[in-house]
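Report on the structure given below.
Rule-based calculations on the coordinates, nothing more; no lab input. As the structure is a prediction and not an experimental result, all values here were calculated from the model. Here the Cβ positions follow ideal geometry from the backbone for every residue, glycine too, while neighbour counts run over all protein chains shown.
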Amino acid sequence: MNPTLSIVMPVFNHTEDLKIMLDSVLDNSYQDWELLAVDDGSDDETKDVLKTSAARDGRIHFIERNREPKGAQTCRNIGLEQARGEYLVFFDSDDYIAPHCLEQRVKALSEHPELDFMVFRSGTYCDDAFHGEPNKLNYGYPVFKDDIDAFCARTLPFIVWNNIYRRSSLIKHNLRWDTNLLSLQDAQFNLECLLKELRYDYSALPPDYGYRTASTGSVSKQILSQAHYESNLYATKRFYTLVQAHHGHRYDHALYLGAMFLYVKVSRTGFHKDFCQRLASTVRQFSPLWGTLLVWQVCLTNLLSKIMPLTPARRLPILNYLLWYRRMECYMVTQQKKLL
């Protein structure tokens, strides 16, 4: 008999964090699940943990990635293809789930057959404890009027691990993870769910997922690396292509803000002129107005960097964006407090 819930979890090292995540799944009140742990080429110690866990509990399946490219996105696709449950969640192997997580998600979605997925509130996991109080790193709260706009601007309303999906809905709409992306996979996957008009709603139940805030292998940190530059440019083109195909130029300003998010993240390691110019050119290709603005911001930064220290040279031309982003972070936390 097939399990009701499939848990798809890419794994790459972080052995001690993995043990905590596995224990948190096993300690859940809901037990009708399968865990597809798809290994992305971990060291022997991590593989041994997975193999031992699978031997002890037949619901845990150790799967090795058997195709390219390397990455969590490929592992999630493999897990999705092999999943058998009516419902499906995508979790990360270095996080934590609360004891009530699986039960409240399955129960809630089963009570809403009209929905393709539901969004649940998350907290953080640090100092060996789960924290559900308002935080800028918490997601899954209905704080935005337009979630598509929020995803375009990279002010994410929810992450993939906030959600429980009806597996048949993902298959019906041919939703897969983009293997060309080295980062921003969550935003792209969820944005595509919204653009394909999957029906969803937010749960008001207590936070149930703990995002680990001290993980050294986080993709969000790798976004600053040279290796991710091409992926970031590809992601920008992908977002514009997807959104404009469905909504024309309605979200051009939000997409510009999303490009600015990448610009700021990459610029934290210095002014990378070639990347910044290519990013601005990409934005202008899809949105002449906002792309031209970004071109001028890059040019002004380049000019100011010759006459003043780099930090103010980077910040002054984009000060309006930096202030807007700070306001949005405060707004999200304020709205969380109101909803609790």
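Points worth noting:
- Between the listed residues Ala254, Cys276, Phe286, the Cα displaced farthest toward the positive end of the dipole of the range 223-339, a dipole computed from Cβ unit charges relative to the Cα centre, is found at Ala254.
- Other residues lying with their Cβ under 13 Å from the Cβ of Met118 contribute a combined charge of 0, Lys and Arg counting +1, Asp and Glu -1.
- Each Lys and Arg Cβ is given +1 and each Asp and Glu Cβ -1; about its Cα centre, the range 192-340 then shows a dipole of about 380 debye.
- Signed unit charges on C-beta, dipole axis of the chain, positive-most listed residue Val264, Ser93, Asn180: Val264
- Kirkwood hydrodynamic radius of the chain, from the reciprocal of the average inverse Cα-Cα distance over all distinct pairs: 21.0 Å.
- Label zone at Lys172, where the point sits 7 Å out along the Cα-to-Cβ direction: the range 110-141 residues whose backbone N lies under 16 Å: 110-118
- The range 90-165: trypsin sites (Lys or Arg not before Pro) falling in loop per DSSP and having at most 11 other Cβ within 10 Å: Lys145
- Net lengthening on full extension, Asn320/Thr292 (0.36 nm per residue, minus Cα-Cα): 8.5 nm
- Length-normalised contact order of the chain in % [C-alpha pairs under 8 Å, at least 6 apart]: 16
- For the pair Thr269 and Glu133, label points projected 7 Å from Cα toward Cβ lie 3.5 nm apart.
- Springs join every pair of Cα atoms under 10 Å in this Gaussian network model of the chain, and among Asp17, Asp252, Asp44 the largest mean-square fluctuation is at Asp44.
- Cross-link check: pairs Lys107/Lys196; Lys273/Lys306; Lys145/Lys265; Lys19/Lys107; Lys136/Lys196; Lys51/Lys107 evaluated at a Cα-Cα cut-off of 20 Å; pairs beyond the cut-off: Lys107/Lys196; Lys145/Lys265; Lys19/Lys107; Lys136/Lys196; Lys51/Lys107.
- Oblate is the label for the range 1-48, because the ratio a/c of its alpha-carbon gyration tensor axes (a ≥ b ≥ c) is 1.5 or higher and a/b is not greater than b/c.
- Taking the convex hull of Cα positions in the range 223-339, its mean projected area over all directions (nm²): 8.2
- Length gained on full extension, Asp146 to Thr213: 21.4 nm, using 0.36 nm per residue less the C-alpha separation.
- Relative contact order, percent, the range 223-339 [alpha-carbon distance under 8 Å, six or more residues apart]: 22
- For the chain, a Gaussian network of Cα nodes joined below 10 Å ranks Gly270, Gly132, Gly79 by mean-square fluctuation, and the top entry is Gly270.
- Residue range of the chain that is longest and free of GluC sites (Glu not before Pro) which are both DSSP loop and sparsely packed (at most 14 other C-beta within 10 Å): 198-340
- With helices as the sole contributors, the chain gives -15000 deg cm²/dmol at 222 nm; each DSSP H run of n ≥ 4 counts as -39500 (n - 2.57), and the sum is divided by every residue.
- GNM result for the chain, Cα springs below 10 Å: residue of Leu18, Leu242, Leu255 fluctuating most strongly: Leu242
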